[in-house]
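Worksheet: one structure, shown below.
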Amino acid sequence: MIVARLSDEAWAALLALRSGEATAFDPGDDPAWAIYEPLARRRGGRFVLAQVGQSLDGRVATVDGDAAPISGPDGFVHLHRLRALADAVVVGAGCVVADDPRLTVREVKGPSPVRVVIDPNGRVPLDARCLSEAGRTILVRAEGSMAPTAVETIHLPPAGDGRLCAIALLAALSERGLHHVLVEGGAATIRNFLEAEVVDRLHICVAPLIIGSGAPGLSLAPISRLTEALRPKTRTVALGSDVLFDCAFERR
Ligand SMILES: NC(=O)c1ccc[n+]([C@@H]2O[C@H](COP(=O)([O-])OP(=O)(O)OC[C@H]3O[C@@H](n4cnc5c(N)ncnc54)[C@H](OP(=O)(O)O)[C@@H]3O)[C@@H](O)[C@H]2O)c1
């Protein structure tokens, strides 16, 4: 398995790419560069990376909702690197209600992304940390649903199945200058992005514990035959405490 190291110089070069500065950095053969470079480098278009931190048996929480921390220390640093390189981090209402995440960058040097909370019906409390703590947050609501005036809000029309369209959300974020997007979960939110075929990379970060039951990291519509399974081009990278599956999708 390829082992990722990431020197301070390489991280500084990635942050320079993120801010649009040219960099003459030579990454050598460290696979960490290839993990982060596509999210860091601004190419003038959209880039969407979804990430899941899960157990060996694909769970992200116990049946009682205990979810923190599933990732080991290196998986946690990996997540914070992704946040630092993204313009925006997207989560669903379920994740905020269950975990009350801050969605800021604390484990590495770098800027915190704009927080985007998909809460179509307004069930996230206003004192949730991602709404009440310092930093920009955008709420995503269904058209016709009331939103607090103090929080920047995008209203989207629900589709026939009641879901808000991931493509429309990405377009609304792009209009606000937010092109590189980290989709941090939970499973329902990642599913919407995967099913809309807008995910460029999926990072599944596996920590060596077995929970045995509880919420899944990923959940898609049932298929009958394995020929229908998604088969992204995947590289496996040892982060240290966790193993990363870096999956590349052909997107729409
Ligand atoms: N380990 C990890 O990487 C990680 C990361 C995040 C969360 N988690 C875990 O994941 C669990 C929560 O996951 P979850 O799947 O239940 O919830 P979720 O994806 O966080 O949120 C789902 C809810 O968000 C809203 N939503 C998201 N996308 C939508 C869309 N396109 N259109 C309409 N509504 C949308 C809906 O809210 P309404 O129900 O109000 O309609 C939906 O039910 C928790 O146990 C948490 O600990 C784990």
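The values are calculated or read from the model by the stated rules, or taken from the named source; none is laboratory data. All values reported here derive from a predicted model rather than from experimental measurement. Cβ placement follows ideal geometry from the backbone for every residue including glycine, while neighbour counts extend to all protein chains displayed. For accessibility, only protein heavy atoms count, side chains too; no ligands or nucleic acids. Shrake-Rupley method; radii C 1.70, N 1.55, O 1.52, S 1.80 Å.
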Residues (farther than 16 Å from G45 by Cα and either in a helix (DSSP H, G or I) or modelled with pLDDT under 95 (or both)) located in the stretch 167-195: G185, G186, A187, A188, T189, I190, R191, N192, F193, L194, E195
Report every pair of residues separated by at least 6 positions or lying on different chains whose Cβ atoms are under 7 Å apart, first residue within the stretch 146-169 and near the ligand (Cβ under 9 Å from one of its atoms), second open to solvent by 50 Å² or more (accessible area, probe 1.4 Å) and part of a strand (DSSP E or B). L164/P158
Scanning the stretch 170-182 for residues that are within 15 Å of the chain's Cα centre (by Cα) and farther than 8 Å from A88 by Cβ, which turns out nearest to the ligand (Cβ to nearest atom)? L170
Among the candidates A196, A229, A172, A207, which residue alone is over 20 Å from A248 (Cα atoms), of a type in the set (G, A, S) and out of contact with any Ser or Thr (no Cβ under 8 Å at 6 or more places or on another chain)? A172
For the stretch 199-252: of the residues being in a loop (DSSP other than H, G, I, E, B) and free of Cβ contacts under 8 Å to residues at least 24 places away in the same chain, which is nearest to V60 (Cα to Cα)? P222
